[in-house]
Amino acid sequence: MSQVEVSHVTKRFGTMTALDDVTINFTDGGFFALLGPSGSGKTTLLRTIAGFYFPESGTIRIGDIAVQKVPVEKRDIGMMFQNYALFPNMSVADNVGFGLRVRKVSRNEEARRVAEALELVQLGAFAARRPQQLSGGQRQRVALARAIVTKPKVLLLDEPLSALDKTLRVDMQIELKRIQREIGITTIFVTHDQEEALTLADQIGILKAGRIVQVGAPRDVYDHPVDAFTAGFLGDANWVPDSAMSGLTLPREPDGFRFATRPEMLTISQDRPAPGTNSLPGKLKQRIFAGTMATCIVDVNGESWKLTARDRDIPQIAANDDVWISWVPRDTMAVPR
């Protein structure tokens with residue numbers, strides 16, 4: 001295991017700056033998510049740490065060693081790609097052991113470590129199969145076993161679960177977290193899925209236009225976003241109209257701040273809420289049923305607010321009826337303008 005330190009790293013492709021003076025530290029043994037919209041630089045940052053790209057400036061350290069000019073094969077990292085990149089003509093065991101053979105590990109040592117890695121990902125009985133004989137989730141675990149069998153200092157994952165359907169993705173999130181905890185390796189993964197980042201990561205880094213916007217524990221970033229971009233990107237945010245602030249209990253003076261609340265913090269009723277809550281009048285535009293959960297879209301001062309709750313906890317209200325949206329004052333976020 002090793003800490004990874006990225007300091008003032010800039011990476012350009014022609015005239016485009018993909019990483020702009022990025023500084024971020026990944027703690028030893030931690031599970032870290034890089035999250036951002038398309039083109040934000042998250043994959044470029046991961047591949048620069050891996051050694052596929054060399055930065056124009058800045059330093060990257062894995063442990064005590066500066067590696068920003070070290071080729072990928074000498075960085076002692078494990079990399080798992082989005083498409084898994086398995087060799088179709090090789091067995092599962094041979095796919096997993098490929099990196100060991102490149103390193104000239106003895107046959108006995110290779111067999112032992114491959115068996116250990118396959119047991120860790122619960123595929124010990126599938127060693128002789130070919131990738132095309134496996135399900136998507138099983139191929140994903142083969143790729144993970146191949147990434148960790150060399151016992152790298154750092155594990156890098158590029159959209160590792162994006163090719164899986166939703167149900168399997170949730171199952172694999174649990175498995176991935178279990179395996180990471182069991183081996184204790186410093187892990188950095190790129191994802192576009194906010195829920196996945198919140199579920200898996202100890203720390204989240206939000207990127208925008210090649211720069212780090214915010215870093216912190218998932219709960220801290222979700223509850224205390226540093227700007228409107230982060231508030232709206234990591235989950236949904238309902239923004240309080242400036243004209244409605246005077247009637248609400250706010251966490252601080254409004255100068256220099258906007259205020260918002262999350263959809264899951266809201267309740268909806270046709271009766272005016274009791275004093276002590278923040279509330280705004282609106283009109284129900286749509287109710288979207290999604291099994292146990294439902295989403296209501298409410299027009300509030302010309303803005304569309306979103307409320308999410310268990311379907312059975314939402315009263316039966318017809319579309320276009322007048323409603324009240326309310327929430328506990330402590331669930332109001334103060335976001336710098």
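Values quoted throughout were computed directly from the atomic coordinates according to the rules given, and no laboratory measurement underlies them. Only a predicted model underlies this, so the values are computations on that prediction, with no experimental measurement involved. Cβ coordinates were reconstructed from backbone atoms using ideal geometry, including for glycine residues, and neighbour counts include every protein chain displayed.
Observations, loosely collected:
- Global geometry of region 164-323, whether rounded, prolate or oblate, following the gyration tensor of its Cα atoms and the 1.5 cut on a/c: oblate
- Region 238-336: relative contact order in percent, alpha carbon pairs under 8 Å with at least 6 residues between: 40 percent
- Residue among Val215, Gly302, Ser326 farthest towards the positive dipole end of the chain, charges placed on Cβ: Val215
- q = 0.14 Å⁻¹, region 1-89: log10 I(q)/I(0) [Debye, one scatterer per Cα]: -0.51
- Loop trypsin sites (Lys or Arg not before Pro), region 1-69, which have at most 10 other Cβ atoms in a 10 Å radius of their Cβ (DSSP): Lys69
- The angle between the Cα long axis of helix 107-120 and the longest principal axis of the Cα atoms of the chain comes to about 20 degrees, rounded to the nearest 10.
- The order of the peptides 80-88, 113-121, 322-330 by mean Cβ neighbours within 10 Å, most packed first, is 113-121, 322-330, 80-88.
- Applying 1/(1 + (r/R0)^6) with R0 = 22 Å to the Cβ-Cβ distance of Ile317 and Ala244 gives a FRET efficiency near 0.55.
- With R₀ set to 30 Å, the beta-carbon distance separating Arg178 from Glu253 gives a calculated FRET efficiency near 0.05.
- Mean sequence separation of contacting Cα pairs (under 8 Å, at least six apart), scaled by the length of region 167-220, corresponds to a relative contact order of 24 percent.
- Based on alpha-carbon atoms, the Kirkwood radius and the radius of gyration of the chain give Rg/Rh equal to 1.06.
- Along each principal axis, Cα extent of region 211-265, largest first, Å: 34, 25, 15
- Fraction of the pair-distance distribution of region 111-232 above 21 Å, Cα-Cα pairs, percent: 45 percent
- Percentage relative contact order, the chain, counting C-alpha pairs under 8 Å, at least six apart: 18 percent
- Inter-centroid distance (Cα atoms) of region 248-265 relative to region 168-185, Å: 36 Å
- Inter-site label distance for Leu168 and Val102 at 7 Å from Cα along Cβ, in nm: 2.5 nm
- Here, region 238-336 is characterised by an Rg to Rh ratio of 0.96, where Rg is the alpha-carbon radius of gyration and Rh the Kirkwood radius.
- Charge-dipole axis of region 83-191 as Lys and Arg at +1 and Asp and Glu at -1 on Cβ define it, positive-most pick from Thr150, Ser162, Thr186: Thr150
- Remark: the chain carries a charge dipole of roughly 1280 debye about the Cα centre, counting +1 on each Lys and Arg Cβ and -1 on each Asp and Glu Cβ.
- In the chain, lysine pairs with alpha-carbon atoms under 18 angstrom apart (chain gap of 8 or more, or interchain): 14
- Using R0 = 22 Å, the C-beta based FRET efficiency linking Thr277 and Ala228 works out to 0.35.
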